[in-house]
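Student: Submitted below is the structure of interest, expressed as structure tokens.
The values are calculated or read from the model by the stated rules, or taken from the named source; none is laboratory data. It should be emphasised that the depicted structure is a prediction, and the values quoted were computed from it without experimental measurement. Cβ: placed from backbone, ideal geometry, glycine included. Neighbour counts: every protein chain shown. Accessible surface areas use protein heavy atoms only, side chains included; no ligands, DNA or RNA. Shrake-Rupley method; radii C 1.70, N 1.55, O 1.52, S 1.80 Å.
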Amino acid sequence: MLRYALKRLGLGIVIVSVAMMMLFAMVYVIPGDPASVALGPRATPQMIEALRARMGLDQPIWMQFLKFYTSAIRGDLGTEVLSGRQVLDVVFEQVPFTLALIAGAISWSVLLGIPLGCIAAVRRGGFVDRVVGILSVAVIALPSFVIAIYSLLIFAVALRWLPAIGAGEPGNPKSQLMALILPSLAVGLGWVGYIARMVRASMLETLEASHIRTARAFGLTDRRITYSYALRIAILPTITLLGVGIGHMLSSSVFAEIVFARPGIGKLVYEAISVRNYPIVTGAVLVTTVFFVVVNVLADIVIGALDPRVRASFD
């Protein structure tokens, strides 16, 4: 198990390193001079050159990348162009809001998707199975920003059950939870369909396994067989799906944070791009990349701990 975990960790480090190179290259080729944008149209050439020198943009590209890479390893992502604050401080101020949004989206997808998938598998070919299949495809096909807009119009504007914008009152957990319901629903509803279909397919395969037939032969109830034996095995592919899904949820959170005027990394990146604040863009994307890789490595380790066949495939 230790060797399997170290291999997954090493692969994660390689992925982060490649992502850093690609991120630096993409930021470098974006049109526009960040120094000119930051100083505005009235800036003199001397002021622009001074800011470019302070940002290190006057150095060769290989030196810029080497400085960026070594500083990132030390945890130093530079300073913000406009305020002069540390980039990590600015990014980490927004991280809790995005993590809360992702946690809420995962809760929606798991609490709805797993039971629906189990019911559809147990009642295979029946009316409930067909309804779950139709609903799964429907929510998968709906873009997150469409769900965000219509949920805002229905539950916040028309019915006035939930707040329309913001992240709730600081220090008031109930207000923050109420403000989290609609954005997390918009991000997580599509993954309800993915998880329901994954659990259904995995459950159908597991219910045909020999140990399940043996359990039936011993007279165990269908409920105990389904939830105590079959679901424990069928849930493994869902863990992998959630690890991958978190990356998609992070991208979907951008729309949710903009539509619901919530603070978060997605909104921070959107605003930073509009003013060519490259250090913030680089720092925020790098932090989310590391978070995504760490989550997937942890998901692989959990699956390896639960399923010895996965560990054996890496030996």
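Student: Going through the range 252-261 one residue at a time, which ones are surrounded by fewer than 20 Cβ atoms within 10 Å (Cβ to Cβ) and either of a type in the set (S, T, Y) or not in a helix (DSSP H, G or I) (or both)? Talk me through it step by step, then tell me what you get.
Tutor: Pass one, the range 252-261, residues surrounded by fewer than 20 Cβ atoms within 10 Å (Cβ to Cβ): 258, 261.
Across the range 252-261, the qualifying residue is only A261.
Student: Could you count how many residues in the range 199-240 are in a loop (DSSP other than H, G, I, E, B) and either surrounded by fewer than 19 Cβ atoms within 10 Å (Cβ to Cβ) or in contact with a strand residue (DSSP E or B) (Cβ under 8 Å, 6 or more places away or on another chain) (or both)? Give the steps one after another, and end with the answer.
Tutor: Here is the first cut: in the range 199-240, the ones in a loop (DSSP other than H, G, I, E, B) are 208-209, 218-221, 235.
Filter again for either surrounded by fewer than 19 Cβ atoms within 10 Å (Cβ to Cβ) or in contact with a strand residue (DSSP E or B) (Cβ under 8 Å, 6 or more places away or on another chain) (or both), leaving 208-209, 218-221.
Qualifying residue count, the range 199-240: 6.
Student: Kindly evaluate A196 against the criterion of being at pLDDT 85 or above and either of a type outside the set (S, T, N, Q) or not in a helix (DSSP H, G or I) (or both).
Tutor: Values: at pLDDT 85 or above: yes; either of a type outside the set (S, T, N, Q) or not in a helix (DSSP H, G or I) (or both): yes.
Yes; evaluated as a whole, the condition is true for this residue.
Student: Please tell me if V81 is surrounded by 14 or more Cβ atoms within 10 Å (Cβ to Cβ), over 29 Å from G245 (Cα atoms) and modelled with pLDDT under 75. Even if it seems obvious, please write down each step before you answer.
Tutor: Values: surrounded by 14 or more Cβ atoms within 10 Å (Cβ to Cβ): yes; over 29 Å from G245 (Cα atoms): yes; modelled with pLDDT under 75: yes.
For V81, the condition - surrounded by 14 or more Cβ atoms within 10 Å (Cβ to Cβ), over 29 Å from G245 (Cα atoms) and modelled with pLDDT under 75 - is met.
Student: Quick test of your reading of the structure: G264 fulfils all but one of (1) at negative phi; (2) surrounded by 21 or more Cβ atoms within 10 Å (Cβ to Cβ). Name the failing condition by number.
Tutor: (1) is the only condition that G264 fails.
Student: Among the residues of the range 213-247, write down those that are within 30 Å of the chain's Cα centre (by Cα) and at positive phi.
Tutor: The answer is none; no residue qualifies.
Student: Next question. Those residues that are more than 16 Å from the chain's Cα centre (by Cα) and either part of a helix (DSSP H, G or I) or of a type in the set (A, V, I, L, M, F, W, C) (or both), I need them from the range 271-299; list them, please.
Tutor: Our first condition is that a residue be more than 16 Å from the chain's Cα centre (by Cα); within the range 271-299, this holds for 271-283.
Residues satisfying the conditions are E271, A272, I273, S274, V275, Y278, P279, I280, V281, T282, G283.
Student: Looking only at the range 137-154, decide whether some residue is assigned to a helix (DSSP H, G or I), in contact with a Phe, Trp or Tyr (Cβ under 7 Å, 6 or more places away or on another chain), open to solvent by 60 Å² or more (accessible area, probe 1.4 Å) and touching a residue at least 60 places away in the same chain (Cβ under 8 Å).
Tutor: Yes, because at least one residue in the range 137-154 is assigned to a helix (DSSP H, G or I), in contact with a Phe, Trp or Tyr (Cβ under 7 Å, 6 or more places away or on another chain), open to solvent by 60 Å² or more (accessible area, probe 1.4 Å) and touching a residue at least 60 places away in the same chain (Cβ under 8 Å).
Student: Checking P163 against (1) assigned to a helix (DSSP H, G or I); (2) open to solvent by 40 Å² or more (accessible area, probe 1.4 Å), which single condition isn't satisfied?
Tutor: For P163, the failing item is (1).
Student: Cβ-Cβ under 7 Å, sequence separation 6+ or interchain: first residue in the range 247-271 and under 13 Å from Q94 (Cβ atoms), partner open to solvent by less than 40 Å² (accessible area, probe 1.4 Å) and assigned to a loop (DSSP other than H, G, I, E, B). Which pairs?
Tutor: S253/G264; E257/G264; R262/G166; R262/A167; P263/A167
Student: In the range 188-207, what residues are more than 25 Å from A103 (Cβ to Cβ) and among the hydroxyl-bearing types (S, T, Y)?
Tutor: Let us first name the residues in the range 188-207 that are more than 25 Å from A103 (Cβ to Cβ), namely 201, 203-207.
The one that is more than 25 Å from A103 (Cβ to Cβ) and among the hydroxyl-bearing types (S, T, Y): T206.
Student: I'd like the full set of residues that are at pLDDT 75 or above and open to solvent by less than 40 Å² (accessible area, probe 1.4 Å), limited to the range 25-63.
Tutor: None; the set is empty.
Student: A follow-up question, please. Within the range 277-308, track down each residue that is among the charged types (D, E, K, R) and crowded, with 19+ Cβ neighbours inside 10 Å.
Tutor: So the first thing to find is which residues in the range 277-308 are among the charged types (D, E, K, R), and the list is 300, 307.
If the condition is that a residue be among the charged types (D, E, K, R) and crowded, with 19+ Cβ neighbours inside 10 Å, then D300 is the only one that fits.
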